[in-house]
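Okay, structure first, notes after.
Every number here is computed from the coordinates shown, using simple stated rules; none is lab data. What you are looking at is a predicted structure, and each value in this text was computed from that prediction instead of being measured. Note: ideal-geometry Cβ built from the backbone for every residue, glycine included; neighbour counts use all protein chains shown.
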Amino acid sequence: MAKHPVKLARRAVTATKPNAIEVIEPRSGRRVFSSFRYSHIEVTAHGGKAHLRARNTRFEDGKLTSESFEGELEGGAYDQVVKQTQQYVANQTAQFLRAFSLFLPFSMKRPSDRD
């Protein structure tokens, strides 16, 4: 009958190679435990002109930096930005849904629009 708990024989401790573990040092001399970036862009149309407001804040290497910008553009710029944004979202959505199309039943015959 076995004795419980089972005791293992002692083994010698082996040293590892000095370069066995790669240590990644931070860019600065200080230990940075966090960093973040935040950006916000707002485009509005008012009075036939497009108003642009942008803000960028970041914390890197222990330094907090904040930038802001305000400007005015011609009215057509707003329409162009909206059109580009809608096209970008539509393309991203189509690409996302294309990944799931493999799970849908495939039909060689297209349904007709005539009733």
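By definition, a body whose alpha carbon gyration tensor gives a ≥ b ≥ c is oblate when a/c is 1.5 or more and a/b is not larger than b/c, and region 36-99 fits this oblate description. Taking Cβ atoms as reference points and 14 Å as the exclusive limit, the residues near H40 contribute a net charge of +1, counting Lys and Arg as +1 and Asp and Glu as -1.
Fully extending the segment from L8 to A99 would add 27.5 nm, taking 0.36 nm per residue of separation and subtracting the current Cα-Cα distance. Placing dummy labels 7 Å off each Cα toward the beta-carbon, the span from A15 to R58 is 4.4 nm.
Counting charges near H51 (Lys, Arg +1; Asp, Glu -1) among other residues having Cβ under 11 Å from its Cβ returns a value of -1.
In this rough spin-label picture, where each label sits 7 Å from Cα along the Cβ direction, the V43-L73 distance is 0.4 nm. Peptide packing: for 90-103, 65-78, 44-57, the average count of neighbouring Cβ atoms within 10 Å per residue gives the ranking 44-57, 65-78, 90-103, highest mean first.
For V81, V13, the sequence from fewest to most other C-beta atoms within 10 Å is V13, V81.
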